[in-house]
Amino acid sequence: MIVLREYADSDLERLVILANNENVSRYLVYTFPYPYTTADGEWWIRTGSKQNGAITRVIEHEGLFVGSVGINPQIGWRDHLGEIGYWVAEEHWGKGIATAALQHMTDYGFTNLQFRKLYAPVLSPNIASMRVLEKCAYSREAILKGEVQKRGIYFDTHHFSLDR
């Protein structure tokens with residue numbers, strides 16, 4: 001159904017088209033801005049997707065780039081943890097693609113990268129993302145009140161995790 005692969009320079013145009021969507025970006029981190037420009041995409045492919053040891057992959061569905069999934073390793077006393085995240089283009093929502101990609105990356109994180117625990121913070125309105133995590137056996141550990149501010153709005157963050 002899906003393939004995970006490394007980013008390539010040839011992904012730039014498709015990345016900008018898919019990422020320049022407010023519905024996709026509205027609950028994602030600051031490194032995923034809206035509007036999403038060519039400069040943002042160039043930075044992401046060359047630097048951001050690998051920054052601080054990140055392992056980030058393109059999600060391909062039926063040979064087409066439809067999103068991304070990745071793990072950001074933590075450091076110091078948290079170096080046994082990885083923060084996992086994902087997004088899928090709006091026209092591909094509801095097809096199980098995010099769930100399949102998350103499961104593949106979770107397996108990779110535990111098997112190949114030897115993380116003891118993976119976690120994902122999710123902004124409170126993003127119910128669909130919470131369901132994806134639950135389908136992959138992640139459980140809600142905490143709700144942190146007003147933890148994230150985005151565009152002047154404060155959001156509670158639901159922290160999901162899975163232990164190896």
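Within segment 16-37, if we keep just the residues that are of a type in the set (Ser, Thr, Tyr) and open to solvent by less than 70 Å² (accessible area, probe 1.4 Å), the residue that is modelled with the lowest pLDDT turns out to be Thr31.
Taking strands (runs of 3 or more DSSP E) as the structural unit, no element lying wholly within segment 1-83 holds at least 3 residues that are over 21 Å from Ser129 (Cβ atoms). Kindly provide the set of residues from segment 99-113 that are outside any loop (DSSP other than H, G, I, E, B), open to solvent by 20 Å² or more (accessible area, probe 1.4 Å) and touching a residue at least 12 places away in the same chain (Cβ under 8 Å), ordered by number. Of everything in segment 99-113, those that are outside any loop (DSSP other than H, G, I, E, B), open to solvent by 20 Å² or more (accessible area, probe 1.4 Å) and touching a residue at least 12 places away in the same chain (Cβ under 8 Å) turn out to be Thr99, Ala100, Gln103, His104, Tyr108, Phe110. Within segment 38-61, the set of residues being touching a residue at least 24 places away in the same chain (Cβ under 8 Å), open to solvent by 60 Å² or more (accessible area, probe 1.4 Å) and of a type in the set (Gly, Ala, Ser) is empty. Among the residues of segment 122-164, those that are among the polar types (S, T, N, Q), in contact with a strand residue (DSSP E or B) (Cβ under 7 Å, 6 or more places away or on another chain) and open to solvent by 30 Å² or more (accessible area, probe 1.4 Å) comprise Ser124, Ser139.
The values are calculated or read from the model by the stated rules, or taken from the named source; none is laboratory data. Every value quoted in this text rests on a predicted model; they were computed, and no experiment measured them. Glycine gets a Cβ as well: all are built from the backbone with ideal geometry, and neighbour counts include every protein chain shown. Accessible surface areas use protein heavy atoms only, side chains included; no ligands, DNA or RNA. Shrake-Rupley method; radii C 1.70, N 1.55, O 1.52, S 1.80 Å.
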